[in-house]
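**Q** Here it is, the structure in full.
The values are calculated or read from the model by the stated rules, or taken from the named source; none is laboratory data. Keep in mind the model is a prediction, meaning the values are calculated, not measured. What goes into the accessible areas is simple: the full protein's heavy atoms, side chains included, and nothing from ligands, DNA or RNA. Shrake-Rupley method; radii C 1.70, N 1.55, O 1.52, S 1.80 Å.
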Amino acid sequence: MALLTHLLVCVFGMGSWVAINGLWVELPLLVTELPEAWYLPSYLTVVIQLANIGPLLVTLLHRFQPGCLSEVPVIFLILCIGTAACILLAFLWNTTSWIQGGRHSVAFIVLTFFLALVDCTSSVTFLPFMSQLPTYYLTTFFIGEGLSGLLPALVALAQGSGITTCINATQTPGTTLSPVTTVETHLTQTTHSPSSLSPLTWHLESHYLAPRFSPLLFFLLLAFLMGCCLVAFFFLQRQPWGRQGSIEDLLHSQVTLHSIRPRDTEDTGSLGTYVSSPGKESVEASVAPLCPAQLAFIYSVVAFVNALTNGVLPSVQTYSCLPYGPVAYHLSATLSSMASPLACFLPTFLPNRSLSFLGLLTVLGTSFGAYNMAMAAMSPCPILQGHWGGEVLIVLSWVLFAACLSYVKVMLGVILRDRSRSALLWCGAAVQLGSLIGALLMFPLVNVLRLFSSADYCSLDCSV
């Protein structure tokens, strides 16, 4: 029964962010199919931030009407919505509507909002439910939460989405070629009569290879994962726990995704000392007080890091990666999505609470982000475009950017967790504020001012 319960808890945790993580890793294919093309990531960042209305309402109800909201029906509701949205997305993802003189993916964007609403709300409902279980199941829950990013990335790698090849195409004088930014590759196939004297010219254009399976199947797999989470939750909430765990116990241990650590070790850092108490299941902490300057630094870094990772850089990933080819974009999107959850487990083995170290790591991660942004600004002709070294650099830069800043977020969460519960509340506010600012800043730059340029990878000529 214990093994089965661990499995159920793991599947339950996996459903927390699997839908949105799945959308991000599917973007290399979606940007070739949907009319928004390279602008699609900037739309998604804004839609996801707007979905924070869900956790905001739940938090306000807990604050002003404590006890009026039970997590169980809310979790059932959001999991049903998430499963239904994934099923609808499988059949409606490429449905477009005519709005303001152009076609737009209204169905995709609306369904993305509901998926984001589900995943954002899970942050403030899943953990309170887990407080009913014994504390040793919490680690399993966060392992499942980490898999919510890893599994979709592995599926996207197997799918091979967004892969292209360059083929020869012909063009007659006087015709205009359109950049290939959608699945309808504009290959000119001209038939000439014997009397036609118009010469033919050859050029390279992108031809998108069919993925191993379609987005329909990919989104159905996401729906299956959400359905598994719903079934796991159904069986979990019917288990006779006898209230072995309690909210009081949860608040005492304050275990979060960013603070998984072995209970049989001691971790001494610059901001606190952990001591394992024999015969107890929880870990007691004696933490040095933080001065106002340290708190201001921590909250500022939290907001800044989340602005970069959740708003600024995702909006321009297509512009920084696609000039190097769809393979580079595909690997950057999937491997960075894998690096982030894996980095969340690193503090379990290598915790470092030094604010100086975390500040330096933030600078390092920001430098990788600055390189990515610079390549996006230079699109469609960034440095080393057309060279294998450029592809390797952009993939490594995105992976290291995600890994470094994910570790920083983890350790800052650990520090604030050990201070007080209100510190975690303000940490969450800083996360959402930074993410919102980043998304709102980039949307007009990308979609209104159009400071970033796209082009067909195969027809690029950056030699002049």
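**Q** For the stretch 84-156, restrict the atom set to alpha-carbon positions and state the Rg and Dmax in Å.
**A** Over the stretch 84-156's Cα set, Rg and Dmax evaluate to 17.1, 57 Å.
**Q** If you average the sequence gap of Cα pairs under 8 Å that are 6 or more apart and divide by the length of the stretch 63-134, what percent do you get for the contact order?
**A** Numbers: 49 pairs, mean separation 26.4, N = 72.
In percent, rounded to a whole number, it is 37.
**Q** Oh, and also: Probe radius 1.4 Å, ligands and nucleic acids left out: which of His330, His6 has the largest accessible area, and how do the rest follow?
**A** Numbers: His330 10, His6 55 Å².
I get His6, His330, largest accessible area first.
**Q** Please list Ile99, Ile167, Ile48, Ile437 in order of solvent-accessible area, largest first, computed with a 1.4 Å probe with all protein chains present. Let's see the in-between values first.
**A** Working: Ile99 70, Ile167 50, Ile48 20, Ile437 95 Å².
If we order Ile99, Ile167, Ile48, Ile437 from most to least accessible, we get Ile437, Ile99, Ile167, Ile48.
**Q** Also, quick follow-up: Take the alpha carbon atoms of the stretch 1-46, find their center, do the same for the stretch 78-135, and report the distance between the two centers in whole angstrom.
**A** Each part's Cα centre sits 10 Å from the other's.
**Q** Kirkwood Rh over Cα pairs of the stretch 1-106 into Stokes-Einstein at 37 °C, 0.692 mPa s: D in µm²/s? Spell out each step's value before the answer.
**A** Numbers: Rh = 16.7 Å.
The calculation lands on 197 µm²/s.
**Q** Now for a different question. For the stretch 325-422, give the percent of accessible area contributed by carbon and sulfur heavy atoms, probe 1.4 Å, rounded to a whole number. It would help to have the intermediate numbers written out before the result.
**A** Numbers: 2830 of 3750 Å².
On the stretch 325-422, the fraction of accessible area on carbon and sulfur atoms equals 76 percent.
**Q** What accessible area per residue, rounded to a whole number of Å², is obtained for the stretch 1-134 using a probe radius of 1.4 Å?
**A** Details: 5250 Å² over 134 residues.
For the stretch 1-134, the per-residue accessible area is 39 Å².
**Q** Determine the gain in length on full extension of the stretch Asn447-Ser300; use 0.36 nm per residue of separation and subtract their C-alpha separation, reporting nm with one decimal.
**A** Gain on extension, Asn447 to Ser300, equals 50.2 nm.
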